[in-house]
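Colleague: Following this message is one structure expressed as structure tokens.
The values are calculated or read from the model by the stated rules, or taken from the named source; none is laboratory data. All figures in this text were calculated on a predicted structure; none of them were measured in a lab. FYI the Cβ positions are ideal-geometry reconstructions off the backbone, even for glycines, and counts take in every protein chain you see.
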Amino acid sequence: MMIESVIVAVIGALCGVAGTTVYTRNRNEATKNKAEQLLAKANEKASQVVLKAKDEALQLENERRREMKKIENRLVDREANLDKKLDELDKRAEKLRAQEDEVEELKNDIRDLRTKQQEKLEKIAKLTKKDAAEKLLEMTERDIKDDLLGLVSKLQKDAMDDAEERAQTVILTAMERMSSEVTAERTVTAIKLTDDEMKGRIIGKEGRNIQALQRATGVDILVDDTPGMIVLSSFDPVRRQVARISLEMLMKDGRIHPGRIEEVVAKAEKQIEKEVKQAGEDAAREVGVTGIPREMLQLLGELKFRTSYGQNVLMHSTEMANIAGTIAEEIGANVRTVKIATLLHDVGKAVTHKVEGKHHHIGAELARKYGMKDDIVHAIEAHHDDIEATTPEALVVRVADALSAARPGARNISAENFSERMKDLENIATSFKGIDKAYAISAGREVRVIVRPESVDDLSALKLARDIANKVEATMQYPGTIKVNVIRETRATEYAK
């Protein structure tokens, strides 16, 4: 019974496998048929697409060929037109050559006729053409010689009269337009005191405040000469200005002692530096010129506190620039070059105490150093007679300098000599080693020398005073006596933290 069951199970399994195999085979055949149908449809569509693409490509090719044919036809037509025009140009050139030949033949015929006529005229007149021309000139010269001489003489005289009159007009016009007041430069400045108590505070205990102020500014301060006034005396106007501002600040603040004095003097010096810069810019703006280097404007501003024979150098320079600009405009010179050169012509005087040489040579070197044009440099250097002026602008600068400086009362020679003597006195003192500062005060009757304590000891200070006095006696001329005052001060500074 059990064997039968197994046999039945085996037979059932075999039947299942056989059925599954038959089903799978039928399914694969159906799938294969369906795939073949889809492939056939795809091939048919692909063939249709290819045929359509071929048709479109053929149409495009036909259109391109038609376009190329049109272009080819146009080129053929243009070539034919060009050939036709070239033929016409060749024919026209042939005609022109023929006409030129005819013209040349006519010219030759005319020359032959002119030569024959000239030969006949020479035979009749018994003169050649050259002889006839010379004879005609001689006759003409003889007839009009006297008239020509009179005309030339008249023209020369008129030119000289007109030139002199025009030159006078130009110079007088410039002088009239730029006529300015002449101010006398002084070597003292007076400051009004608020009360006698302030006078005592400025002097300080045992005179220490006034000594510190004189030492810091290099100005001689006179307290007792004029009631209610303090007089500042110095040949250097820059120092007087610094001292004046310092005193005004001290009196306004009320705190007056050596430490405060040094602080205020430093502030006053910075204020003067700003004023110098502003003065240079204002002068250039007043004259109406731009583009001057900043360094040259700084030096120009320093001329505000400089004098030449009693004449303020900055006022002299601006006055010159305006005079020279007027003259340059009248005679046709370069107005800008003339104005800049005249404004800066004395700029070398701002550094003559530092650089050796004449101020016009120094000014020219400074202008050249800061990149100014050659015509401006030449005009600055040639405004005195030791350099020849080779340009109209340089001559105008020289003329304007003479006009500005030669006016009555414009210069005071004695004041300039005094100033030069003060500078020489200070230069002698600073020529020794170990000198920090040197000031000529009391109208040149005293030179105050401040030495560096680390370089000069007490004994050396005594010897230094004697050496300076000996050199002054040997090199300078002066009335009376000159006191040499050597000051050595040692300071010890420390900070509590």
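Colleague: Only one of Asp220, Asp195 is surrounded by 21 or more Cβ atoms within 10 Å (Cβ to Cβ), of a type in the set (D, E, K, R), out of contact with any Gly (no Cβ under 7 Å at 6 or more places or on another chain) and not assigned by TED's automatic domain parsing to the domain that holds Thr326; which?
Modeller: Only one candidate passes the filter, namely Asp220.
Colleague: Return the pair list, or none, for Cβ contacts closer than 6 Å from residues in region 428-442 that are closer than 13 Å to Ser234 by Cβ to residues that are among the acidic types (Asp, Glu) and assigned to a strand (DSSP E or B), at least 6 apart or on different chains.
Modeller: Every condition considered, the pairs that remain are Ile441/Asp220; Ser442/Asp220.
Colleague: Return yes or no: is Val347 in contact with a Pro (Cβ under 9 Å, 6 or more places away or on another chain), crowded, with 21+ Cβ neighbours inside 10 Å and β-branched (Val, Ile, Thr)?
Modeller: No.
Colleague: Of the residues in region 468-497, how many are in contact with a strand residue (DSSP E or B) (Cβ under 9 Å, 6 or more places away or on another chain) and within 17 Å of Asp436 (Cβ to Cβ)?
Modeller: The total comes to 7.
Colleague: Another question about this same structure. Output the residues belonging to region 391-408 that are modelled with pLDDT under 85, surrounded by fewer than 24 Cβ atoms within 10 Å (Cβ to Cβ) and either among the aliphatic types (A, V, I, L, M) or not in a helix (DSSP H, G or I) (or both).
Modeller: Val399, Ala402, Leu403, Ala405, Ala406, Arg407, Pro408, listed by residue number.
For (1) under 21 Å from Gln211 (Cβ atoms); (2) modelled with pLDDT under 85; (3) in a helix (DSSP H, G or I), each residue gets a yes or a no:
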| residue | (1), (2), (3) |
| --- | --- |
| Val456 | yes, no, no |
| Asp467 | no, no, yes |
| Val472 | no, no, yes |
| Asn485 | yes, no, no |
| Lys497 | no, yes, no |
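Colleague: Using the structure shown, decide if Leu314 is within 15 Å of His345 (Cβ to Cβ), touching an Asp or Glu at 6+ places or on another chain (Cβ under 7 Å) and not basic (Lys, Arg).
Modeller: Answer is no for this residue.
Colleague: Separate question: Inside region 181-271, counting only strands (runs of 3 or more DSSP E) that do not spill past its ends, which hold 2 or more residues that are modelled with pLDDT of 80 or more, of a type outside the set (D, E, K, R) and over 25 Å from Gly444 (Cα atoms)?
Modeller: Where strands (runs of 3 or more DSSP E) fall fully within region 181-271, none carries at least 2 residues being modelled with pLDDT of 80 or more, of a type outside the set (D, E, K, R) and over 25 Å from Gly444 (Cα atoms).
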